[in-house]
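Asker: One structure, pasted below without further comment.
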Amino acid sequence: MVENISTSLIDWSRAQFALTAMYHWIFVPLTLGLAVIMGIMETVYYKTGDEKWKQTAKFWMKLFGINFAIGVATGIILEFQFGTNWSNYSWLVGDIFGAPLAIEGILAFFMEATFIAVMFFGWNKVGKGFHLASTWLTGLGATISAWWILVANAWMQHPVGMAFNPDTMRNEMQDFFAVATSSTAVVKFFHTVTSGWILGALFAAGVSCYFLLKKKNTGFALRSIKVSAAFGLVASLIALATGDSSGYDIAKHQPMKLAAVEGLYEGGNGMGLTAVGILNPGKESYDDGEDPFLLKMDIPCMLSLLATREADGYVPGINNLIEGGYTLPDGTKALSAEEKMEKGREAIASLAAYRKAVKENDTAAAQAHRATLEENMPYFGYGYIKDKAELIPNVPLNFYAFRIMVMLGGLFIVYFIVMLFLAMKKKIEKMRWMHYIALALIPLGYIAGQAGWIVAETGRQPWTIQDMLPVSAAISGIETSSVKITFFIFLLLFTVMLAAGITIMCKEIKKGPETYEQKQD
């Protein structure tokens with residue numbers, strides 16, 4: 001591991017990865033959402049033979065293609081950073097983390113590349129059934145791609161299916177199935193993909209309302225609104241259910257993240273969920289005695305119910321997790337942060353002693369040190385923590401980001417219900433105020449998605465891999481200046497790409513669907 005890494009290097013490397021990840025996530029969810037919408041449109045065309053649905057599908061495919069192309073470019077740059085900025089991480093767990101990324105590149109990406117060509121250029125050249133299949137397979141390829149990326153990310157949140165080999169100094173995969181289908185991976189996949197569907201629905205409905213405001217292509221707009229509102233409502237309800245499952249999973253595997261999200265310092269039984277709260281900016285430390293809230297309104301027992309599935313279940317707070325001593329679900333007592341840090345240091349010392357004994361051909365000593373290492377390995381990462389306060393994520397950031405995500409999710413459910421009702425009653429065309437709301441909700445869809453990722457990633461700090469590898473030990477030993485330079489290069493490059501993507505899409509939207517549509521409507 002790298003010793004004496006400067007905090008400046010860590011901060012700039014984290015900032016660079018956050019920059020590329022957040023820019024990449026601007027494009028991914030819209031790709032996932034539009035993929036389903038254009039598939040539905042073409043399915044209706046296949047069933048009815050109505051050319052209007054064909055032109056509707058082709059319009060959304062055009063916007064999908066623009067967004068897809070830029071998303072691929074940002075994703076490639078993102079993956080390269082594992083080797084450049086996070087080489088210790090890549091060395092330690094590359095055998096595990098690299099597997100889902102390789103599958104994503106070989107299977108999903110090539111699947112997308114193959115069928116997207118047929119989807120765009122195969123009209124009137126292949127059969128209607130084959131073209132429809134290509135459209136759905138393009139969307140399926142994008143979704144499968146998301147699956148493997150999220151498997152890799154979920155493994156960082158909840159590492160399973162592997163064992164540490166002290167001879168190679170690497171974690172090696174023992175159970176690929178456990179990695180690929182962990183509860184964290186499954187929940188994260190469905191919640192993340194449905195958030196993309198929601199954004200796609202918001203985007204399609206908002207763009208359709210733009211046409212209603214301009215009083216052109218109204219038939220196209222009304223058809224798109226009906227599909228996107230129904231699809232968005234279904235996606236929002238699924239996201240609500242998977243969000244509940246995600247909270248339960250986090251409570252089991254990342255209790256400190258849950259405590260940070262709730263601003264919960266002192267846990268207990270029958271804990272309420274904070275419905276409305278304003279954090280106390282004067283609270284600077286977990287043990288300073290300050291009240292964490294200036295204002296707080298709870299839903300009684302709801303947090304315990306969500307975290308344990310029991311209204312009177314015990315939920316630990318930040319102080320409890322630091323101090324330990326409470327009873328775990330298996331009946332054992334929770335270790336304190338200090339005890340975990342001591343066991344981590346013992347694991348690191350045992351590893352060094354084991355390797356020395358192997359080098360000196362001292363088999364008995366090697367076996368003894370290996371046994372000690374294996375006993376303390378679950379706390380290995382804690383050995384690199386210098387201050388137990390490092391184990392606490394940024395509480396205000398997680399608390400408010402989570403609530404932004406949840407409140408917007410609730411708003412979207414109400415919006416889709418109203419939009420679908422108005423569309424089915426054929427009243428939406430003349431309700432200009434609703435058209436403006438639809439346009440305003442498009443950027444809020446992006447904000448909700450970004451807020452979710454802020455909670456997912458900053459909530460597990462200081463860990464790159466939960467309990468196994470802190471950020472300070474995962475980083476490459478490179479010059480801070482080089483990270484700073486590439487940060488601003490990427491910022492400029494991604495901003496230009498984003499501006500280009502928005503400009504091109506806006507031009508296509510202003511142009512509208514094909515000429516046939518304009519004549520027939």
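Asker: Taking DSSP loops as anything outside H, G, I, E and B, show the longest stretch in the chain free of GluC sites (Glu not before Pro) there with at most 15 other beta carbons within 10 Å.
Answerer: With a cap of 15 other Cβ atoms within 10 Å, the longest stretch comes to 4-265.
Asker: Right, next: What 222 nm value per residue comes from the helices of the chain, counting each DSSP H run with n ≥ 4 as -39,500 (n - 2.57) and dividing by all residues, nearest 500 deg cm²/dmol?
Answerer: Details: 18 runs with 365 residues, N = 521.
Value at 222 nm, helices only: -24000 deg cm²/dmol.
Asker: With the crude spin-label approximation of a point 7 Å out along Cα→Cβ, what separation in nm comes out for Ala389 versus Glu514?
Answerer: About 6.5 nm separates the two model spin labels.
Asker: Next question, about the same structure. Just tell me which lysines come within less than 20 Å, Cα to Cα, of Lys296; anything on the same chain fewer than 8 places away is out.
Answerer: Within the straight-line cut-off, Lys296 pairs with Lys257, Lys283.
Asker: Could you tell me which chymotrypsin sites (Phe, Trp or Tyr not before Pro) in segment 227-313 are loop residues by DSSP with no more than 10 other beta carbons within 10 angstrom of their beta carbon?
Answerer: none
Asker: Quick one: P(r) of segment 250-313 from all Cα-Cα pairs, 5 Å bins, percents rounded to integers, in order of increasing distance.
Answerer: Pair shares across the bins are 4, 18, 27, 25, 17, 8, 1.
Asker: OK, next. Can you list, largest first and rounded to whole Å, the semi-axes you get for segment 252-368 by taking the square root of 5 times each eigenvalue of its Cα gyration tensor?
Answerer: Three semi-axes, in Å: 40, 17, 10.
Asker: Measure off 7 Å from each Cα along the Cα-to-Cβ vector at Met407 and Ala368, then give the distance between these two points in nanometres to one decimal.
Answerer: 6.1 nm
Asker: Taking a probe of 1.4 Å, how large is the accessible area per residue of segment 407-490, in Å²?
Answerer: 46 Å²
Asker: What number, in percent, do you get for the relative contact order of the chain if the mean sequence gap of Cα pairs under 8 Å and at least 6 apart is divided by its residue count?
Answerer: It comes to 21 percent, rounded to a whole number.
Asker: For segment 303-456, compute Rg over Rh where Rg is the Cα radius of gyration and Rh is the Kirkwood radius from the inverse mean 1/r over Cα pairs.
Answerer: Taking Rg over the Kirkwood Rh, I get 1.26.
Asker: Treat each spin label as a single point 7 Å out from the Cα along the C-beta direction, and report the Ile77 to Ile417 distance in nm.
Answerer: With each label point 7 Å from Cα toward Cβ, the separation is 4.2 nm.
Asker: Can you tell me which of 209-219, 159-169 comes out highest on packing, and rank the rest after it, using the mean Cβ neighbours within 10 Å?
Answerer: 209-219, 159-169
Asker: Going highest first, how would you order 468-475, 9-16, 28-35 by mean Cβ packing within 10 Å?
Answerer: Sorting 468-475, 9-16, 28-35 by mean packing, highest first, produces 28-35, 468-475, 9-16.
Asker: Sequence gap at least 6, Cα distance under 8 Å: using those rules, report the relative contact order of segment 246-386 to the nearest whole percent.
Answerer: This gives 20 percent for segment 246-386.
Asker: Over all directions, the average projected area of the alpha-carbon convex hull for segment 98-147 comes to how many nm²?
Answerer: Numbers: hull surface 12.0 nm².
Result: 3.0 nm².
Asker: Quick one: grab Rg to one decimal and Dmax as a whole number for segment 439-490, Cα atoms only, in Å.
Answerer: Just the Cα atoms of segment 439-490 yield Rg and Dmax of 15.8, 46 Å.
Asker: In terms of the Cα gyration tensor, with a ≥ b ≥ c the square roots of its eigenvalues, is segment 396-485 rounded because a/c is under 1.5, prolate because a/b exceeds b/c, or oblate?
Answerer: It comes out prolate by the Cα gyration axes.
Asker: Considering the Cα trace of segment 1-99, what is its radius of gyration and what is Dmax, both in angstroms?
Answerer: 20.2, 67
Asker: Sorted by accessible area with a 1.4 angstrom probe, largest first, how do Val126, Val207 fall?
Answerer: Working: Val126 55, Val207 10 Å².
Heavy-atom accessible area, descending, gives Val126, Val207.
Asker: Kirkwood-based Rg over Rh for segment 103-251 (C-alpha set), two decimals?
Answerer: Reported Rg/Rh (Cα atoms, Kirkwood Rh): 1.10.
Asker: P(r) for segment 177-256: what percent of alpha-carbon pairs falls in each 5 Å bin, starting at zero?
Answerer: 3, 16, 18, 15, 13, 10, 8, 7, 5, 3, 1
Asker: Here is a follow-up. Would you mind putting 133-142, 487-496 in packing order, based on average other-beta-carbon counts within 10 Å, highest first?
Answerer: The peptides rank, most packed first, as 133-142, 487-496.
The values are calculated or read from the model by the stated rules, or taken from the named source; none is laboratory data. All values reported here derive from a predicted model rather than from experimental measurement. Neighbour counts run over all protein chains shown; Cβ positions are idealised from the backbone, glycine included. Protein only, heavy atoms only, side chains kept; ligands, DNA and RNA dropped before computing areas. Shrake-Rupley method; radii C 1.70, N 1.55, O 1.52, S 1.80 Å.
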